[in-house]
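Enquirer: After the structure tokens below, expect a handful of questions from me.
The values are calculated or read from the model by the stated rules, or taken from the named source; none is laboratory data. None of these values were measured; they are calculated from a predicted model. Cβ coordinates were reconstructed from backbone atoms using ideal geometry, including for glycine residues, and neighbour counts include every protein chain displayed. Just the protein is used for accessible areas: all its heavy atoms, side chains included, with ligands, DNA and RNA removed. Shrake-Rupley method; radii C 1.70, N 1.55, O 1.52, S 1.80 Å.
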Amino acid sequence: MAKEDVPSAEPLLEKLAQKTSEVEVLRRIALEINSTLDLDQIYSVVLRTMDEFFGFRHSTILLVEGSDTLRVVASHGYETQPLGGIVAVGTGVIGTVAKRRKLMRVNHLRRQHEYFSTIRKQMEEAGRAGELGEMTPLPGLPDAESQIAIPLLIKDTLVGVFSVESPEQKPFSEHEETLMTIVANQAASAIQNARLYRDVEERRQELAEAHDRLKQLNETLEDRVRSRTSELEQANRELRETQAQLVQSSKMASLGMLAAGIAHEINTPLGTIQSNTDVERRAIGNIRDVLQDAAVAKKLRDDSRLNRAFVIFDQVNQVTLEAARRVTKVVQSLSNFARLDQAELELVDLHEGLDSTLTLINHLLKDRIEVVKIYGELPKVRCYASQINQVFANLLTNAAQAIKGTGTITITTRQDGPYAMIEVADSGHGIKPEHLERIFDPGFTTKGVGVGVALGLSTTYRIVENHRGSIDVQSEPNKGATFTIRLPIAPSA
Amino acid sequence: MTDTVKLPDDIKPVMQNGIPATVVTCSADGIPNTTIISQVYYVDPVHVALSFQFFNKTIRNVRENPHACVALNDLEGATEWILDVQYDHSETEGTIFDEMDMQIEAIASATGMSGIFKLRAADIYRVKSFRKISSPPASSRE
């Protein structure tokens with residue numbers, strides 16, 4: 001074979017080099033778009049590569065949006081960005097490709113448009129405009145001459161459309177079509193992966209936000225439960241206080257009635273005793289006068305038994321009168337304490353109330369507790385007497401019970417500005433610091449089961465509060481306790 | 001010999017150049033009809049497909065008289081291609097129909113003409129002969 005008959009290897013080598021270059025470009029695109037989950041980066045790689053290596057200057061990627069539209073999500077080479085442009089499925093080259101899910105190449109677009117437009121114009125002139133639809137402006141080159149559009153498919157599902165346009169007559173070769181289809185398939189997979197990842201991320205974000213909202217709701221719920229519990233506890237306390245006050249009022253009413261009855265029952269025989277004793281005293285005086293008479297036998301006057309009898313009479317009468325006075329005082333104190341006749345605000349002598357209360361709790365004091373009264377100048381205070389006496393009774397009873405064995409209760413009163421101050425201090429065992437904050441709570445007690453109903457101090461607190469007054473306590477273990485009450489002398493309401 | 005006529009590849013761009021083609025048919029009683037069609041589709045070297053849309057007269061004629069003449073204009077080459085064809089059959093599905101239908105639908109939908117330009121069938125014609133007429137006329141083949 002002659003040398004000149006041997007075919008040149010150059011064209012084959014050039015073709016091989018071109019193929020190698022194309023394969024390298026395709027490999028690089030595949031690597032780049034599959035190594036990221038960033039949609040914008042995928043679009044950018046695809047469109048830029050189409051321009052740089054294949055010379056396709058104008059390209060767009062549209063993704064399916066809803067059931068019958070596509071939206072331009074990326075574009076390259078356009079003076080006016082068609083980004084965000086909408087194409088209805090079934091309209092134009094891109095819409096038809098989306099509808100048919102088949103690649104489409106179109107050449108001489110302008111002429112075809114002109115031909116269809118001419119027919120349209122003729123129909124309009126023929127009065128058949130009603131048969132025509134609307135001209136739909138589509139994103140992309142307004143004067144495209146050639147276009148190729150490739151559906152982006154994942155199995156049978158349409159993801160979007162990849163479109164390349166040219167303002168010049170540019171018949172796309174089958175080879176170019178194959179290259180573009182390869183890139184489009186790669187892009188479809190990468191886009192779908194990125195969208196799935198984005199969807200998962202959005203879902204994860206939504207779940208995280210839902211979790212946060214749930215957590216917040218839980219916290220709010222817990223706060224509301226706490227708040228509601230607190231309200232219920234408060235309501236329960238108030239209910240118990242009200243019950244206690246009701247019971248106490250009932251007791252006071254009974255006590256008042258009892259006191260009135262006792263006073264009535266005792267006063268009559270007491271009057272008789274006092275009257276009779278007085279009559280007796282005067283009768284004995286008369287007998288003595290008679291015996292002083294000279295006419296009376298001296299023997300009788302000097303009779304020692306008779307004189308001893310007189311002395312005994314005097315002593316017995318004295319004791320009887322003293323006892324009668326004591327009974328009278330108790331009855332008066334009882335009546336004074338109950339004060340049923342003072343159900344409304346009255347001007348009250350607090351010292352009188354304190355003394356009456358002391359008389360009534362005398363059995364708790366007896367000989368073991370010394371009561372020291374340091375009464376200052378105190379005007380009468382406008383208050384509910386029976387309630388204030390109840391306060392005194394609670395404080396003095398607590399003081400007496402706090403003293404084991406012997407001790408002292410010191411009652412101090414004075415005016416403190418617009419307030420009357422009453423201080424009850426005992427030398428008892430005192431109150432533990434951890435109990436100080438709770439001693440006015442209903443139900444709180446350190447006295448043990450069976451001693452009282454644990455409502456005395458809470459009732460005291462409530463009564464003082466109702467009088468617009470205040471009550472404080474100071475105490476240290478084994479150093480006694482001092483309760484200080486301040487009551488407005490002339491409360492506003 | 002009509003059986004050996006084969007269309008050359010250089011007619012393909014002319015068929016895709018977007019210039020409407022002229023189709024002439026004749027009824028059985030000898031009355032001719034001329035119409036314009038948007039697509040002449042290259043099926044294979046011996047067949048072309050014409051889009052059957054709304055030119056009922058043409059269809060009626062070729063059902064009676066299967067002979068027809070198609071004129072294609074090549075502005076770039078300043079030539080005209082004349083094809084003598086014979087109606088063979090109509091297709092309403094398949095690759096050829098789909099390709100032609102897509103092209104028509106794409107343009108028609110963008111120009112608000114979807115209701116007008118609707119491919120009803122792809123009429124397949126056998127090419128009996130063709131002539132390429134240049135200006136000035138230079139060559140012809142049969």
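Enquirer: Among the candidates A:Glu322, A:Glu344, which residue alone is in a loop (DSSP other than H, G, I, E, B) and either within 50 Å of the chain's Cα centre (by Cα) or more than 25 Å from A:Ile463 (Cβ to Cβ) (or both)? Spell out how you get there, then give the answer.
Expert: On the way: A:Glu322 fails: in a loop (DSSP other than H, G, I, E, B).
Going through A:Glu322, A:Glu344 in turn, just one is in a loop (DSSP other than H, G, I, E, B) and either within 50 Å of the chain's Cα centre (by Cα) or more than 25 Å from A:Ile463 (Cβ to Cβ) (or both): A:Glu344.
Enquirer: Going by the structure shown, is A:Pro171 closer than 30 Å to B:Thr35 by Cβ, within 14 Å of chain B (Cβ to nearest Cβ) and of a type outside the set (Val, Ile, Thr)? Give the steps one after another, and end with the answer.
Expert: Values: closer than 30 Å to B:Thr35 by Cβ: yes; within 14 Å of chain B (Cβ to nearest Cβ): yes; of a type outside the set (Val, Ile, Thr): yes.
Yes.
Enquirer: Oh, and also: Can you confirm whether A:Glu145 is touching a residue at least 24 places away in the same chain (Cβ under 8 Å), within 11 Å of chain B (Cβ to nearest Cβ), in contact with a helix residue (DSSP H, G or I) (Cβ under 7 Å, 6 or more places away or on another chain) and not hydrophobic (A, V, I, L, M, F, W, C)?
Expert: On the way: touching a residue at least 24 places away in the same chain (Cβ under 8 Å): yes; within 11 Å of chain B (Cβ to nearest Cβ): yes; in contact with a helix residue (DSSP H, G or I) (Cβ under 7 Å, 6 or more places away or on another chain): yes; not hydrophobic (A, V, I, L, M, F, W, C): yes.
Taking the combined requirement at face value, the residue satisfies it.
Enquirer: Report whether or not A:Ile191 is open to solvent by less than 10 Å² (accessible area, probe 1.4 Å), more than 7 Å from chain B (Cβ to nearest Cβ) and either under 16 Å from A:Met50 (Cα atoms) or in contact (Cβ under 8 Å) with a residue 60 or more places away in the chain (or both). Don't jump to the end; show me each part of the working.
Expert: Working: open to solvent by less than 10 Å² (accessible area, probe 1.4 Å): yes; more than 7 Å from chain B (Cβ to nearest Cβ): yes; either under 16 Å from A:Met50 (Cα atoms) or in contact (Cβ under 8 Å) with a residue 60 or more places away in the chain (or both): yes.
It is true that A:Ile191 is open to solvent by less than 10 Å² (accessible area, probe 1.4 Å), more than 7 Å from chain B (Cβ to nearest Cβ) and either under 16 Å from A:Met50 (Cα atoms) or in contact (Cβ under 8 Å) with a residue 60 or more places away in the chain (or both).
Enquirer: Could you tell me whether any residue of region A:18-25 is among the aliphatic types (A, V, I, L, M), surrounded by 19 or more Cβ atoms within 10 Å (Cβ to Cβ) and in contact (Cβ under 8 Å) with a residue 24 or more places away in the chain? First the steps, then the outcome.
Expert: Step one: of region A:18-25, the residues among the aliphatic types (A, V, I, L, M) are A:23, A:25.
Next, from what is left, pick out any that are surrounded by 19 or more Cβ atoms within 10 Å (Cβ to Cβ): none.
No - not one qualifying residue is present in region A:18-25.
Enquirer: If you go through region A:33-58, how many residues are open to solvent by less than 60 Å² (accessible area, probe 1.4 Å) and in a helix (DSSP H, G or I)? Give the derivation first.
Expert: Initially, region A:33-58 is screened for residues open to solvent by less than 60 Å² (accessible area, probe 1.4 Å), giving A:33, A:36, A:39, A:42-47, A:49-51, A:54-56, A:58.
Imposing the further condition that a residue be in a helix (DSSP H, G or I) reduces the set to A:33, A:39, A:42-47, A:49-51, A:54.
Total meeting the criteria: 12.
Enquirer: Go through the residues of region A:151-159 one by one and say whether even a single one is modelled with pLDDT of 85 or more and within 13 Å of chain B (Cβ to nearest Cβ).
Expert: Yes, region A:151-159 contains a residue that is modelled with pLDDT of 85 or more and within 13 Å of chain B (Cβ to nearest Cβ).
Enquirer: Given the conditions (1) modelled with pLDDT under 80; (2) open to solvent by less than 60 Å² (accessible area, probe 1.4 Å), which single one is not true for A:Leu436?
Expert: Unmet for A:Leu436, out of (1) modelled with pLDDT under 80; (2) open to solvent by less than 60 Å² (accessible area, probe 1.4 Å): (1).
Enquirer: Of all residues in region B:93-103 being open to solvent by less than 20 Å² (accessible area, probe 1.4 Å) and either of a type outside the set (A, V, I, L, M, F, W, C) or facing another protein chain (nearest Cβ under 9 Å) (or both), which is farthest from B:Val40 (Cα to Cα)?
Expert: Across region B:93-103, the extreme among qualifying residues is B:Met102.
Enquirer: Another question, if that's okay. Collect the residues in region A:97-139 that are surrounded by 15 or more Cβ atoms within 10 Å (Cβ to Cβ) and of a type in the set (Val, Ile, Thr), keeping them in residue-number order.
Expert: Of everything in region A:97-139, those that are surrounded by 15 or more Cβ atoms within 10 Å (Cβ to Cβ) and of a type in the set (Val, Ile, Thr) turn out to be A:Val97, A:Val106, A:Ile119, A:Thr136.
Enquirer: Quick one: in region A:73-83, of everything that is out of contact with any helix residue (DSSP H, G or I) (no Cβ under 9 Å at 6 or more places or on another chain) and under 20 Å from A:Ala184 (Cβ atoms), which residue is most open to solvent (accessible area, probe 1.4 Å)?
Expert: Taking region A:73-83 first, the residues out of contact with any helix residue (DSSP H, G or I) (no Cβ under 9 Å at 6 or more places or on another chain) are A:78-83.
Of the ones still in play, those that are also under 20 Å from A:Ala184 (Cβ atoms) are A:78, A:82-83.
Numbers: A:Tyr78: 23, A:Pro82: 13, A:Leu83: 101 Å².
Looking at residues that are out of contact with any helix residue (DSSP H, G or I) (no Cβ under 9 Å at 6 or more places or on another chain) and under 20 Å from A:Ala184 (Cβ atoms), I get A:Leu83.
Enquirer: Based on this model, can you work out whether B:Ser114 counts as in a loop (DSSP other than H, G, I, E, B), in contact with a helix residue (DSSP H, G or I) (Cβ under 7 Å, 6 or more places away or on another chain) and within 14 Å of chain A (Cβ to nearest Cβ)? Explain how you work it out, then say what you get.
Expert: On the way: in a loop (DSSP other than H, G, I, E, B): yes; in contact with a helix residue (DSSP H, G or I) (Cβ under 7 Å, 6 or more places away or on another chain): yes; within 14 Å of chain A (Cβ to nearest Cβ): yes.
Against the criterion (in a loop (DSSP other than H, G, I, E, B), in contact with a helix residue (DSSP H, G or I) (Cβ under 7 Å, 6 or more places away or on another chain) and within 14 Å of chain A (Cβ to nearest Cβ)), B:Ser114 qualifies.
Enquirer: Would a scan of region B:39-48 turn up a residue that is away from chain A (no Cβ under 14 Å) and at pLDDT below 90? So that I can check it myself, show each step before the final result.
Expert: As a first pass, look at region B:39-48 and keep what is away from chain A (no Cβ under 14 Å): B:43-48.
Subset that is at pLDDT below 90: none.
Among the residues of region B:39-48, not one is away from chain A (no Cβ under 14 Å) and at pLDDT below 90, which makes the answer no.
Enquirer: Could you tell me whether B:Val14 is crowded, with 18+ Cβ neighbours inside 10 Å and modelled with pLDDT of 85 or more?
Expert: Values: crowded, with 18+ Cβ neighbours inside 10 Å: yes; modelled with pLDDT of 85 or more: yes.
The answer is yes for B:Val14.
Enquirer: Is there any pair linking a residue in region A:96-109 that is more than 8 Å from chain B (Cβ to nearest Cβ) to one that is of a type in the set (Ser, Thr, Tyr) and open to solvent by 10 Å² or more (accessible area, probe 1.4 Å), with Cβ under 8 Å and at least six apart or on different chains, and which?
Expert: Pairs that qualify, where the first residue is more than 8 Å from chain B (Cβ to nearest Cβ) and the partner is of a type in the set (Ser, Thr, Tyr) and open to solvent by 10 Å² or more (accessible area, probe 1.4 Å), are A:Leu103/A:Thr181.
Enquirer: Does region A:1-50 hold any residues that are touching a strand residue (DSSP E or B) at 6+ places or on another chain (Cβ under 9 Å) and either outside the structural domain of A:Ser146 (by TED's automatic domain parsing) or at pLDDT 85 or above (or both), and which are they?
Expert: The answer is A:Leu39, A:Asp40, A:Ile42, A:Tyr43, A:Ser44, A:Val46, A:Leu47, A:Arg48.
Enquirer: Say we look at region B:17-26 and pick out the residues that are in contact (Cβ under 8 Å) with a residue 12 or more places away in the chain and at the interface with another protein chain (Cβ under 7 Å from one of its Cβ atoms); which of these is least open to solvent (accessible area, probe 1.4 Å)? Outline the logic, then answer.
Expert: First pass over region B:17-26, keeping only residues in contact (Cβ under 8 Å) with a residue 12 or more places away in the chain: B:17, B:19-26.
Adding the requirement that they be at the interface with another protein chain (Cβ under 7 Å from one of its Cβ atoms) leaves B:17, B:19-20.
Details: B:Asn17: 3, B:Ile19: 34, B:Pro20: 33 Å².
Here the answer is B:Asn17.
Enquirer: Regarding A:Ile61, is this residue closer than 26 Å to B:Gly112 by Cα and crowded, with 22+ Cβ neighbours inside 10 Å? Lay out the reasoning, then the answer.
Expert: Numbers: closer than 26 Å to B:Gly112 by Cα: yes; crowded, with 22+ Cβ neighbours inside 10 Å: yes.
For A:Ile61, the condition - closer than 26 Å to B:Gly112 by Cα and crowded, with 22+ Cβ neighbours inside 10 Å - is met.
Enquirer: In region B:49-82, how many residues are in contact with a helix residue (DSSP H, G or I) (Cβ under 6 Å, 6 or more places away or on another chain) and within 14 Å of another protein chain (Cβ to nearest Cβ)?
Expert: 3
Enquirer: To continue, here is another question. Within region A:75-95, track down each residue that is in a helix (DSSP H, G or I) and within 7 Å of chain B (Cβ to nearest Cβ).
Expert: If the condition is that a residue be in a helix (DSSP H, G or I) and within 7 Å of chain B (Cβ to nearest Cβ), then A:Gly92, A:Val93, A:Gly95 are the ones that fit.
Enquirer: Here's a follow-up. From (1) more than 10 Å from every other protein chain (Cβ to nearest Cβ); (2) among the charged types (D, E, K, R); (3) in contact with a strand residue (DSSP E or B) (Cβ under 8 Å, 6 or more places away or on another chain), pick out the condition that doesn't hold for A:Glu124.
Expert: Every listed condition holds for A:Glu124 apart from (3).
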